């Protein structure tokens, strides 16, 4: 029991010692420019990442030099700038300080109080009322494709099931996915022409121009077979489907809600200050 107590005492003093060492390190003075001081704690707050000991020396030295130059230039500017420019800069600094604090405060209020939940009904309502602004600037496609070796023993089965594509066919193709060199079988999502070209680069420019709804392409290149099915197609200038612009609408609705909240909040701040005699306008 005595040994155990002695062990606890030793551990306690070791912890205290480590804490004191850490405080000493944090308060260690690194550099000075007149009455401006740089401490180790300032360096630690930067959370710099080092690849080696020499890298740490270089990065810390660069930071110290930059810190010193900033203060030295500031001191020189105070001595050499004319009064008119100094007053103008002081006003800009004051305004910037106000903006930083005010924006940070408003952001915290918005995060705490504004309702971020936007229902599907609200999305549909906005889309219905404003769908003319969602005209497509490029075509959209729903598609699926697979790529597999032309000597695949299940080639005919794969082709037939890919074309028919019932629920059982989907399960079957999914079970053989390890045999495919490449595949994309989620044909319920809309994609732009740019994304289509990136994903299905085996299609020629002529193929792309001819794509319409419910169209199948079967291509053979070298020892590979490509099966491509266009499930749906929307040309340029058509109204974009809701599923494609849903995130955009969500952001628009939230931004409108945010602007309305800020406008109301700003007015409440003014009204409250007037009521409490904190804000007065003199004739």
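The values are calculated or read from the model by the stated rules, or taken from the named source; none is laboratory data. Since we're looking at a predicted model, the values are computed, not measured. For neighbour counting, all protein chains shown are included, and Cβ atoms are generated from backbone atoms with ideal geometry for every residue, glycine included.
Can you find even one residue in the range 218-229 that is at pLDDT below 90 and under 26 Å from residue 158 (Cα atoms)? Reasoning before the result, please.
Of the range 218-229, the ones at pLDDT below 90 are 221-222.
So of that shortlist, the ones also under 26 Å from residue 158 (Cα atoms) come out as 221-222.
Yes, the range 218-229 contains at least one residue that is at pLDDT below 90 and under 26 Å from residue 158 (Cα atoms).
Go through 174, 169 for me and flag whichever is assigned by TED's automatic domain parsing to the domain that holds residue 194, over 14 Å from residue 227 (Cβ atoms) and in a helix (DSSP H, G or I). Within the list 174, 169, the selection yields 174.
Please work out which one of (1) under 21 Å from residue 258 (Cβ atoms); (2) free of Cβ contacts under 8 Å to residues at least 24 places away in the same chain; (3) not in a helix (DSSP H, G or I) is the condition residue 111 fails and give its number. Single failed check for residue 111: (3).
In the set 156, 130, which member is assigned to a helix (DSSP H, G or I) and either at pLDDT 95 or above or more than 19 Å from residue 226 (Cβ to Cβ) (or both)?
Values: 156 fails: either at pLDDT 95 or above or more than 19 Å from residue 226 (Cβ to Cβ) (or both).
On inspection, the qualifying residue turns out to be 130.
Among residues that are in a strand (DSSP E or B) and over 22 Å from residue 251 (Cβ atoms), residue 105 is not included. Tell me, yes or no, whether the range 260-271 has at least one residue that is in contact with a helix residue (DSSP H, G or I) (Cβ under 6 Å, 6 or more places away or on another chain) and at pLDDT 90 or above. No, because not a single residue in the range 260-271 is in contact with a helix residue (DSSP H, G or I) (Cβ under 6 Å, 6 or more places away or on another chain) and at pLDDT 90 or above. Any residue in the range 49-67 that is under 20 Å from residue 27 (Cα atoms), surrounded by 11 or more Cβ atoms within 10 Å (Cβ to Cβ) and in contact with a strand residue (DSSP E or B) (Cβ under 6 Å, 6 or more places away or on another chain)? Yes, there is a match, as at least one residue in the range 49-67 is under 20 Å from residue 27 (Cα atoms), surrounded by 11 or more Cβ atoms within 10 Å (Cβ to Cβ) and in contact with a strand residue (DSSP E or B) (Cβ under 6 Å, 6 or more places away or on another chain). Going by the conditions given, is residue 225 over 30 Å from residue 111 (Cα atoms), in contact (Cβ under 8 Å) with a residue 40 or more places away in the chain and more than 33 Å from the chain's Cα centre (by Cα)? So residue 225 fits the description; yes. Every test in (1) touching a strand residue (DSSP E or B) at 6+ places or on another chain (Cβ under 8 Å); (2) in the same structural domain as residue 193 (by TED's automatic domain parsing) is passed by residue 208 save one, and that test is (1).
Looking for whichever is loosely packed, with under 12 Cβ neighbours inside 10 Å and either outside any loop (DSSP other than H, G, I, E, B) or free of Cβ contacts under 8 Å to residues at least 60 places away in the same chain (or both) here; the options are 258, 278. Which one fits? Before you say what the answer is, go through the steps one by one.
Working: 258 fails: loosely packed, with under 12 Cβ neighbours inside 10 Å.
Checking each option against the conditions leaves just 278.
Taking the conditions (1) surrounded by 10 or more Cβ atoms within 10 Å (Cβ to Cβ); (2) without any contact (Cβ under 8 Å) to a residue 40 or more places away in the chain in turn, residue 140 satisfies each one other than (2).
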